[in-house]
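Just dropping this structure here.
The values are calculated or read from the model by the stated rules, or taken from the named source; none is laboratory data. In this text the structure is predicted, and so the values were computed from the model without any measurement. As a convention, Cβ positions derive from the backbone with ideal geometry for all residues, glycine included, and neighbour counts pool all protein chains shown.
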């Protein structure tokens, strides 16, 4: 049969067609009035997408580049950094903080779990300089309580709160300024539906002030340079020009989802992810599978355990070879223990129903056991119908 290649991975995610067109047709020098207008418009749009009054930056790098910048700009060697880690990306914070000479403390929980707030409070001594955490741990499918963590940080310390929301933005609602998130990070290849290559962030005034006293080395990622350049509609160094065009198109699409408002479009995008995630969780359970992160599941992706005695790699392979569908295996030591299906960005109802129908076929082939075809799809349909009733409409391509 014909097979279409489809991404169901938590990054890169499927590309918005309008963004692809914008990239393909873009030809503009970055030191011109025309590009400065685009640059400034995109920064304003990103600011509204994040939902902040803080200054924002968009850098030519992956999200990990902005993670590194948050460490190099906000800490000095020897500063105490508290890292909250619950998976492979929390462990990335550990590696970055150690690389820049921080005295690292951590609160660690097993993969698939989230944090107990009292354990964080116990580590928030007065000498903690910065706290680093994920909004969504996309290696396990867990969503963390950023509002609760922010309250703890600001009640118990003078630390800056840095949040990797690379898969959280566009799948979870944040009140960045009211909660006191000092540095929040996003990536282009996630909910904003364009290729990898742009990392973006919003930075509070206390964080900007901290940069004037910290001593860690930085050059390309000196965010003060970028802020100064951004005020003139430019980047400090060569920007990823075609990706800026794509990001502009993506922000226009989000605004269309919101009837002309990016912030309303962001809420619609989050609702879309929440419903697709709910459909997927219900479908996986109806198929007899266990969720890897059942206590605090994210809307960015769903991590599902394979049937007992089977390796998830066999299921990932069957999805790809039979249906052209790319789902993600577990990472590192979690490889073989789960497969991950994404919901962030350019996914909709039909994508979700389709991947669950494929899941039923994959289970039948890999396990060799009888499968009740339609059970997973039926459970997902019920979630969608209920969400449509609650939302006061019959559903559309983006819920």
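Please specify each residue of segment 1-22 satisfying the condition of being buried (at least 19 other Cβ atoms within 10 Å of the Cβ) and in a helix (DSSP H, G or I).
19, 22, listed by residue number.
In segment 312-335, which residues are assigned to a loop (DSSP other than H, G, I, E, B) and crowded, with 16+ Cβ neighbours inside 10 Å? Steps first, answer last, please.
Our first condition is that a residue be assigned to a loop (DSSP other than H, G, I, E, B); within segment 312-335, this holds for 324, 327, 330-331, 335.
Listed by number, the residues that qualify are 327, 330, 331.
Taking residue 118 as the residue in question, decide whether it is more than 20 Å from the chain's Cα centre (by Cα) and more than 15 Å from residue 303 (Cβ to Cβ). Talk me through it step by step, then tell me what you get.
Details: more than 20 Å from the chain's Cα centre (by Cα): yes; more than 15 Å from residue 303 (Cβ to Cβ): yes.
So residue 118 passes the test.
Additional query: I'm trying to understand the selection: among the residues of segment 342-364, which are out of contact with any helix residue (DSSP H, G or I) (no Cβ under 6 Å at 6 or more places or on another chain) and not in a helix (DSSP H, G or I)?
342, 345, 346, 348 - these are the residues of segment 342-364 that are out of contact with any helix residue (DSSP H, G or I) (no Cβ under 6 Å at 6 or more places or on another chain) and not in a helix (DSSP H, G or I).
Ok, one more. Among the candidates 283, 309, which residue alone is surrounded by fewer than 24 Cβ atoms within 10 Å (Cβ to Cβ) and either more than 21 Å from residue 113 (Cα to Cα) or in contact with a strand residue (DSSP E or B) (Cβ under 6 Å, 6 or more places away or on another chain) (or both)? Talk me through it step by step, then tell me what you get.
On the way: 283 fails: surrounded by fewer than 24 Cβ atoms within 10 Å (Cβ to Cβ).
Result of the check over 283, 309: 309.
Looking at this structure, is residue 399 at pLDDT below 95 and surrounded by 18 or more Cβ atoms within 10 Å (Cβ to Cβ)?
Here the answer is yes, as residue 399 does meet what is asked.
Does residue 281 meet the test of being within 30 Å of residue 130 (Cα to Cα), within 23 Å of the chain's Cα centre (by Cα) and outside the structural domain of residue 36 (by TED's automatic domain parsing)? Show your work before the answer.
Values: within 30 Å of residue 130 (Cα to Cα): no; within 23 Å of the chain's Cα centre (by Cα): yes; outside the structural domain of residue 36 (by TED's automatic domain parsing): yes.
Judged against the criteria, residue 281 is not a match.
Please work out if residue 252 is in a helix (DSSP H, G or I), in contact with a strand residue (DSSP E or B) (Cβ under 6 Å, 6 or more places away or on another chain), modelled with pLDDT of 95 or more and closer than 22 Å to residue 53 by Cα. Can you show your working first?
Values: in a helix (DSSP H, G or I): yes; in contact with a strand residue (DSSP E or B) (Cβ under 6 Å, 6 or more places away or on another chain): no; modelled with pLDDT of 95 or more: yes; closer than 22 Å to residue 53 by Cα: yes.
Considered against the rule, which asks whether it is in a helix (DSSP H, G or I), in contact with a strand residue (DSSP E or B) (Cβ under 6 Å, 6 or more places away or on another chain), modelled with pLDDT of 95 or more and closer than 22 Å to residue 53 by Cα, residue 252 comes out as no.
OK, next. Scanning for something surrounded by 15 or more Cβ atoms within 10 Å (Cβ to Cβ), free of Cβ contacts under 8 Å to residues at least 40 places away in the same chain, within 24 Å of residue 146 (Cα to Cα) and in contact with a helix residue (DSSP H, G or I) (Cβ under 8 Å, 6 or more places away or on another chain), does segment 294-306 turn up at least one residue?
yes
Only one of these is under 30 Å from residue 364 (Cα atoms), in contact with a strand residue (DSSP E or B) (Cβ under 7 Å, 6 or more places away or on another chain) and not assigned by TED's automatic domain parsing to the domain that holds residue 31: 273, 299. Name it.
On the way: 273 fails: in contact with a strand residue (DSSP E or B) (Cβ under 7 Å, 6 or more places away or on another chain).
Answer to the check: 299.
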